[in-house]
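Laboratory data are not the source of any read-out in this text; all were calculated from the coordinates shown. Predicted model only: the values in this text are computed from it and were never measured. No Cβ is skipped: glycine too gets one built from the backbone with ideal geometry, and neighbour counts run over all protein chains shown.
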Amino acid sequence: MGSITLEKVQKIYGNVEVIPGIDLTINDGEFVVFVGPSGCGKSTLLRLIAGLEDVSGGTLKIDGRDVTDIAPAKRGLAMVFQSYALYPHMSVRKNIAFPLKMAGVDKAEQDRKVEAAAKVLNLTPYLDRRPGQLSGGQRQRVAIGRAIVREPSAFLFDEPLSNLDAALRVNMRLEISELHQSLKTTMIYVTHDQVEAMTMADKIVVLQAGNVEQVGSPLELYRTPRNRFVAGFIGSPKMNFVEGEEAARHGAYAIGVRPEHLALSKESGQWKGTVGVSEHLGSDTFCYVHVDGIGTLNVRTSGEVSVHHGDTVYLTPSEANIHRFDKDGMALR
Amino acid sequence: MATKHSRAAARLMISPAVLLLLGWMIVPLAMTLYFSFQRYNLLMPGMEEWIGLANYQYFLTDPAFFDALINTLLLVGGVLVITIIGGIFLALLLDQPFFGQGVVRILVIAPFFVMPTVSSLVWKNMFLNPVNGLFAHAAKALGLQPYDFFAQAPLASIIGIVSWQWLPFATLILLTALQSLDQEQLEAAEMDGAGPLSRFFYIMVPHLARAITVVILIQTIFLLSVFAEILVTTNGGPGTSSTNLTYLIYAQSLLQFDVGGGSAGGVVAIVLANIVAIFLMRMIGKNLEA
C-alpha cells in the first residue's frame, strides 16, 4: 500500500531546470534513500512527491493513482521536516493529534492513537510538555509520532537527523530503521550523509544535478558503481582515483581503488610512497600516502599498524577490486 | 553584569537618569493632586482654598463624566478591534509576493507619519464634509442624501479617523510577526490535512498572539489619550456624544477655567487608566512570557 512511481518528473524554476526528468519506481515497503551533494535536487524531489512543490512536467503515481495535481493532504503521505516543524504553542499530545483532528477523527479515537504512538516512541512522560521543553531527539520523535498517527502509505524524511549531535544521530538512525522493520511502510529518506544512506537503505538513489546517477542496494552501489561520481560518493573514506600511466596499464582512462582495498607494507609492494598524515582511530588507521607519479592515496589499515609522518611505505592494490573508468567517467566492465 | 563591582557601577551610572525621570513624573503628579483638593478657578484669582473632596464629587457626579467614560471605552475598544482585524488582514495580503511589494509596504505605513491634527482636518474637510466631502459627492452622484457624519455619528467618525491612523502600526507589527513564522510549520500543517482556514486559526493566530498583545498594550496607552482628533473635528459634540475623558478634562480646566475640577478629573483618569492596565495585563499579559 505504498508504491510510488515517477514518470519523467520535471521541476523547472523560471528557466533553471532543477530536475530535468526523473523516472523512478519505489516499491511498497521499501526504505529508499535519496543521497547526493548539497543542491543536487534531492529535497526538491521529495517535496515534489509530497506535493509541496508543483510538478512542472511528467506524472507522479501513488499505488497506481495519478496524484500529480492532487493536494498534499490527499496523497496519504506523511513528512518529517529537517526543522521538525512542530507547532510550538501546542503540547506534544496536541501536536501528535493535529493530523487526526484535521481529519475529523473523534476525541476518544484520537487519544487512543496518540497514546499508542507515544508508547512506541517512548514519549508517554512528555505528552503534556511543549516542544520548547524537549531535547532535540525528543522533538524528532514527536515529529515522527505526528507522522505515524496518520497511518500514511509512505513516510517522507527530509534530512531528519542533521540537527542532532553525532551520538544521538546514531541512536535515531537505529530507531528509524527499527520503526521501518515494525511498520513495514514505504519510507523515503533524504540525506547528504552516505553513512546514513548505506546503513538504512534497502535501495539508494544517488542524485547529482537533478539526475539519477544510479539506483541500487547499498552493496550493489559499493561493489559496482556505474560511474566515477557514484564510486566517489559511496564508501567512506572516499575511493582513490588514479589517472595516467597506471590506469592505461589496466586499459582504462582512470582506475579507482578504495582505501580498504590497498595493502600497506613497510618492506615491499607495487607503489612506493611516503606517509603524509596518519589518522589513528583505534580500530582503523587511515594513512595519506604520497606516491610519486600517482598522487596522494588514502589507505585503510588495521589499528595495530604503527606508521608515522615521513615513513616510507609500499602499497599494493587488490587487483580484484580495482574499478576502471573511461574518459567520460563511466565504469568499464 | 558579571561582577558585584560592575553592578554597583551600573547602578551609579544609571541613577541620574532614573532620578530625573522620577522627578519629572512626581512633581506634576504631586501638583495635580494638590490642585485637585483646592478651589482653584482662573476667573477668581486669589480665592484658592482647601475644599477637600468637593472637586471629585462634582466631577464624578457630572453627567458628562459618565458619557465621557463610555465614549473613552468605546473609542479604545472600537479602534483596537478595527486595527487588529484590519491589520491581520492587511498583513496577510502584504505577506504575499506581488509586483511592487516594497513600494506598497511603504505606502501602507504612510498614514502613521501624518500628524493627527492634519489627518483629522483632511478627513473632516475633504472626506466627511456633508457639502464638499468626497463621500457627499459620491452620495450625490448616486442620487442619495449626503450623510452628515460628524452630526449623525460623531463618535463612529472619530473611531474611523483614529483607526485609519493606527492601522499602519498594527499592520507593520503583525506583518513582521507573520514573516517570522517558520514556513515549514505551514507546510507541515498542509501535509497534516489542514486547509487554509485551519492553518490560519491553528498555526498563524497562535503565532501572532504575542504581536497582537504588543499592539493592544501600546495602542491602549495612546488611545486613552486621544485628543487632537476630537478638538479639530467635533469639539466633543454634539453635546457630549464625542467627548472622551481627556477632552472632558481639557474642557473643565481650560474652557471653564476650573483648574481644581480639571485636576480632580486628571486624577480620576490616572486611576481609570491603571484599572484598564491591570485588566489588560490579567487578560493578555501571559502572552508576553517566554
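Quick notes on this one:
- Percent of Cα-Cα distances greater than 32 Å, calculated over the protein assembly as shown: 67 percent
- Among beta bridges that DSSP assigns inside the protein assembly as shown, antiparallel share in %, nearest 5: 75 percent
- Cα-centred dipole magnitude for the protein assembly as shown, charges only on beta-carbon of K, R (+1) and D, E (-1), debye, nearest 20: 780 debye
- Net dipole in debye of segment A:237-332 [+1 Lys, Arg Cβ; -1 Asp, Glu Cβ; about Cα centre; nearest 20]: 80 debye
- Where only alpha carbons of segment A:175-260 are counted, the Rg and the Dmax (Å): 15.4, 53
- At most 16 other Cβ within 10 Å, DSSP loop - chymotrypsin sites (Phe, Trp or Tyr not before Pro), segment A:242-300: none
- Ordering B:Q152, B:L172, B:G133 by the projection of their Cα atoms onto the charge dipole of segment B:43-198, which places +1 on the Cβ of Lys and Arg and -1 on the Cβ of Asp and Glu, puts B:G133 at the extreme positive end.
- Exposure proxy ranking, count of Cβ atoms within 10 Å, fewest first, for B:W24, B:W123: B:W24, B:W123
- Cα-based helix-to-principal-axis angle, A:92-102 vs chain A, degrees rounded to 10: 70 degrees
- Stokes-Einstein D (µm²/s) once Rh is taken as the Kirkwood radius of segment B:151-229 over alpha-carbon pairs, at 4 °C in 1.567 mPa s: 88 µm²/s
- Spatially proximal lysines relative to B:K140 (Cα-Cα < 23 Å; intrachain offsets below 8 disregarded): B:K124
- Helix-only [θ]222 nm of chain B, DSSP H runs n ≥ 4, -39500 (n - 2.57) each, per residue, nearest 500: -22000 deg cm²/dmol
- Counting only whole DSSP H helices of chain B, the ones at least 15 Å long by C-alpha along their axis and with mean Kyte-Doolittle hydropathy no lower than 1.6 are B:63-94, B:205-223, B:259-284.
- Degrees between helix A:166-183 axis and first principal axis of chain A (Cα, 0 to 90, nearest 10): 60 degrees
- Axis of helix A:107-120 versus longest Cα principal axis of chain A: the two differ by about 20°, to the nearest ten degrees.
- Neighbourhood net charge (15 Å Cβ-Cβ; Lys/Arg +1, Asp/Glu -1) for A:K266: -2
- Simple rule: put +1 on each Lys or Arg Cβ and -1 on each Asp or Glu Cβ in the protein assembly as shown, find the dipole, and look at B:M204, B:G143, A:G256; the Cα lying farthest toward the positive end is B:G143.
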